[in-house]
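Heads up: the structure comes next, in structure tokens.
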There are 2 protein chains.
Amino acid sequence: MTNPNEHLLTGIRILDFTRALAGPTCTRMFAEMGAEVIKVESAPNGDLTRAVSKMRADRSLYYVQQNLNKKSLCLDLRSADSMQIIRELVPLCDVVVENFKPGVIDAMGLGFETLKGLREDIILCSISALGQKGPLSAKPGYDYIAQAYSGITSMIGERDQSPCIPMAGIGDVSTGVTAAFSIAAALLHRARTGRGQHLDIGLLDCYYHYHEVNVHQYSASDGEIEPTRNGRHVGYVCPAGIYRGTDGDVMVMAFLHHWADLCAAMDRTDLITAAGWATDAERLTRLDEVIELVETWLQTFGDVGGAIDKLEAHGVPCAPVLTVAETVNHPHFIERGTVRTIHDPIAGEVQIPGMPVKTSDYPADSPYTAPTLGEHNAEVLRDLLGRSDKDVEALAENGVLHSGPT
Amino acid sequence: MTNPNEHLLTGIRILDFTRALAGPTCTRMFAEMGAEVIKVESAPNGDLTRAVSKMRADRSLYYVQQNLNKKSLCLDLRSADSMQIIRELVPLCDVVVENFKPGVIDAMGLGFETLKGLREDIILCSISALGQKGPLSAKPGYDYIAQAYSGITSMIGERDQSPCIPMAGIGDVSTGVTAAFSIAAALLHRARTGRGQHLDIGLLDCYYHYHEVNVHQYSASDGEIEPTRNGRHVGYVCPAGIYRGTDGDVMVMAFLHHWADLCAAMDRTDLITAAGWATDAERLTRLDEVIELVETWLQTFGDVGGAIDKLEAHGVPCAPVLTVAETVNHPHFIERGTVRTIHDPIAGEVQIPGMPVKTSDYPADSPYTAPTLGEHNAEVLRDLLGRSDKDVEALAENGVLHSGPT
């Protein structure tokens, strides 16, 4: 293949108004899988994440990670010339993606009906925290706010304490992936019907979708089962949770028939059928004793690795609870491309997560870079809109086009 | 539209070997968005989740939730007749999805090369915990095991204690969505190139992808920054976390310029610029005092709702930490379809999460039901494979086809 961008989504062009995390994750899935993504950034600062995680050479690694292989077009969005440029770009794009607060894209004069007037079969994907419609939709859109409303936060932490929050962008990133799925589905639908679509993807809905049992158990029990957090141990089988080892924690999933495997590993086969220990239900009633038994045994190993080896030799499903530090040089992570090393022209070599979509025909991760602010101003205006060099220069001089060193 | 299944993915047919949660979520996205999904279940029990969450009339609500609008074909997979049926179905299907342990689909005689022999442009999506390849790939595939390896578990809980685990199927469900995206992308690619694809989607890769900053911060600091859990408060801005109110918890995101809004809400405008309180960095050094200040103020309200009203009146981003019980009748959840009520023919009316993809042309949630075991045996064999009623009866008598009441 001669096109270095050749991948599953080659040939699709996206006009990308997203900033921060959920939206940029969505369009990055497309950009890293071959689509052309033109990221419109607002002058003078561009995506607000260009200001954070500036760990080397004034370059935001946060921006780099979420914006690989995109083109940056930086415009003064208050100017009429900028809006004209955008109106000329829309007909050339298959998809528009935005994650402004609900209502903003309409106020900018780029609502779905307007976009349809510019291109009849346009697909607009609107990403937000709590959705485009509904009584909560106007509320500010942070990941943790959607998580708190969704009931997911209430399922994390110790039962008798306030909940804990995961220190990772779970809601934003997975909502970005859901949005990417919805766009790909809408493109398949367009190919079949010739019609566009407005997609409304909210973090709240994505988070809520994670409740694989909680909602129906509350509902079908008429409120008798009130799902809540349960610390580090699953509440309906046992053992299934996190146990402290000598130099770290171990996830042990030794419920049902795996109890016998764990007993064998611990050289306590007497407990396989012992009264009060034989079933998950019995063990749940004495969870404290189960924890003491397993943790005391884990302390007999010099390290977690030794305990894992022993457990695995007996067929007990288990895992070390790895720190982020322990993942980046792990052979499995490197071989699979779960972690990858990118070479940023400004910040240099750095590791970030790999693309989670692995295909048989294409590499998951190509050596892409992220754009500097407005890096593709001239390219987009010349190649796509047929503007002359002189026009481009004039627009830059007038402040309609803007660019920056990082 | 006369086709009641008309939606974004109508016209696609999937042969679905998945069980449990990640795989069924993937194929359910397709089934609820118009695709025809033929779920192959192994006789005599079918999907193992048919045995859990049986809360009413011996019907598994777990199975119902993850398998709406699928067709159930229940086969004795050890019989040669069953394998012949599957070999006849493959050429009629666009996509095959499976989430067996890596290697099992090959051992069944249905590996990617074999499937390609049956249909040249077949798309096979293989979903697993730790991926199809790599030194860890053979390990047992529970959500929490992938989560423990990914470093995500290490980011949840109190700093000085072992981590906590979320009581929700975050990894399985979001991996199912990632797999659905990868399939939709492969279908777009097939339309452009005529080629099929083998997709390798692992929970580990999806979980790792959630680290929006952790991996690059560890890497770019040469290990100086060691990302870890931080309880209920974000570690780099303040206030941003969970504060205890009178009858529940409140998520307060009052960092940067929102600090002034919070001070105004608390009638403590003296703290906006007070020495030691004015910046996020200063407030982080006295987090305990910030917590005491905010929580003492929250206790002056009769309930969390009153505190939320006051905070919102001052423009402070915030949210109540809702329990699952508080979500199911919440007007926003009902209006958006974040929660939906389904009518199961066996178990009756029950609430489950709505589909997170909302479109302008189609309802997100149609009144679909989940199949009883083998419900569509005859339909699939007659309509798709042209078998006679007599043939179907004989196969049922010989135990090749199997069915059950729920």
Residue within segment B:82-93 that is among the hydroxyl-bearing types (Ser, Thr, Tyr), surrounded by fewer than 24 Cβ atoms within 10 Å (Cβ to Cβ), within 26 Å of B:Ala396 (Cα to Cα) and within 14 Å of chain A (Cβ to nearest Cβ) present: no
Candidate set from segment A:32-79 (those that are in contact with a strand residue (DSSP E or B) (Cβ under 9 Å, 6 or more places away or on another chain) and on the phi > 0 side of the Ramachandran plot); member that is farthest from the other protein chains (Cβ to nearest Cβ): A:Gly46
Of the criteria (1) more than 7 Å from every other protein chain (Cβ to nearest Cβ); (2) in contact with a helix residue (DSSP H, G or I) (Cβ under 8 Å, 6 or more places away or on another chain); (3) part of a loop (DSSP other than H, G, I, E, B), which one B:Val250 fails: (3)
Sole exception among (1) in contact (Cβ under 8 Å) with a residue 24 or more places away in the chain; (2) over 22 Å from B:Met155 (Cα atoms) for B:Cys238, by number: (2)
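Considering only segment B:289-296, I want to know if a residue exists there that is touching a residue at least 24 places away in the same chain (Cβ under 8 Å), facing chain A (nearest Cβ under 9 Å), under 24 Å from A:Ala146 (Cα atoms) and not basic (Lys, Arg). Steps first, answer last, please.
Step one: filter segment B:289-296 for residues touching a residue at least 24 places away in the same chain (Cβ under 8 Å), giving B:290-291, B:293-295.
Okay, now just the ones that are also facing chain A (nearest Cβ under 9 Å), so none.
No.
Could we say that B:Asp261 is charged (D, E, K, R) and more than 7 Å from chain A (Cβ to nearest Cβ) here?
In short, yes.
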Members of segment A:268-281 that are assigned to a helix (DSSP H, G or I) and surrounded by 14 or more Cβ atoms within 10 Å (Cβ to Cβ): A:Leu271, A:Asp280
Of residues in segment B:219-247 being more than 8 Å from every other protein chain (Cβ to nearest Cβ) and among the aliphatic types (A, V, I, L, M), the one surrounded by the most Cβ atoms within 10 Å (Cβ to Cβ): B:Val237
Boolean, B:Gly109 is touching a strand residue (DSSP E or B) at 6+ places or on another chain (Cβ under 9 Å) and part of a loop (DSSP other than H, G, I, E, B): no
Every pair of residues 6+ apart whose Cβ atoms lie under 8 Å, when the first sits in segment B:192-212 and is more than 7 Å from chain A (Cβ to nearest Cβ) and farther than 17 Å from A:Tyr210 by Cβ while the second is part of a loop (DSSP other than H, G, I, E, B) and basic (Lys, Arg): B:Gly196/B:Arg119
Test: residue in segment A:185-193 that is of a type in the set (A, V, I, L, M, F, W, C), out of contact with any Leu (no Cβ under 6 Å at 6 or more places or on another chain) and assigned to a loop (DSSP other than H, G, I, E, B): no
Condition check for B:Ile183: among the β-branched types (Val, Ile, Thr), more than 7 Å from chain A (Cβ to nearest Cβ) and either touching a residue at least 24 places away in the same chain (Cβ under 8 Å) or surrounded by 24 or more Cβ atoms within 10 Å (Cβ to Cβ) (or both): yes
Residues located in segment A:56-81, provided they are touching a residue at least 40 places away in the same chain (Cβ under 8 Å), more than 20 Å from A:Met33 (Cβ to Cβ) and buried (at least 20 other Cβ atoms within 10 Å of the Cβ): A:Arg59, A:Ser60, A:Leu61, A:Leu73, A:Cys74, A:Leu75
So B:Gly306, is it surrounded by fewer than 19 Cβ atoms within 10 Å (Cβ to Cβ) and either in contact (Cβ under 8 Å) with a residue 60 or more places away in the chain or on the phi > 0 side of the Ramachandran plot (or both): no
Residue in segment B:127-140 that is facing chain A (nearest Cβ under 7 Å), within 14 Å of A:Val250 (Cα to Cα) and either assigned to a helix (DSSP H, G or I) or out of contact with any Pro (no Cβ under 7 Å at 6 or more places or on another chain) (or both) present: no
Residues of segment A:7-21 satisfying the condition of being within 18 Å of the chain's Cα centre (by Cα) and more than 10 Å from every other protein chain (Cβ to nearest Cβ): A:Asp16, A:Phe17, A:Thr18, A:Arg19
Residue satisfying condition, being buried (at least 24 other Cβ atoms within 10 Å of the Cβ), of a type in the set (Gly, Ala, Ser) and within 26 Å of A:Ala191 (Cα to Cα), within set A:Gly11, A:Gly34, A:Gly23, A:Gly46: A:Gly23
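This table checks each residue for (1) part of a helix (DSSP H, G or I); (2) surrounded by fewer than 24 Cβ atoms within 10 Å (Cβ to Cβ); (3) within 12 Å of chain B (Cβ to nearest Cβ); (4) touching a Gly at 6+ places or on another chain (Cβ under 7 Å).
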| residue | (1), (2), (3), (4) |
| --- | --- |
| A:Ile105 | yes, yes, no, yes |
| A:Ala146 | yes, no, yes, yes |
| A:Gln161 | no, yes, yes, no |
| A:Asp172 | yes, no, yes, no |
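Bear in mind these aren't lab numbers, they're just calculated from the coordinates by the rules spelled out. Computed from a predicted model, the values in this text were never measured in an experiment. For neighbour counting, all protein chains shown are included, and Cβ atoms are generated from backbone atoms with ideal geometry for every residue, glycine included.
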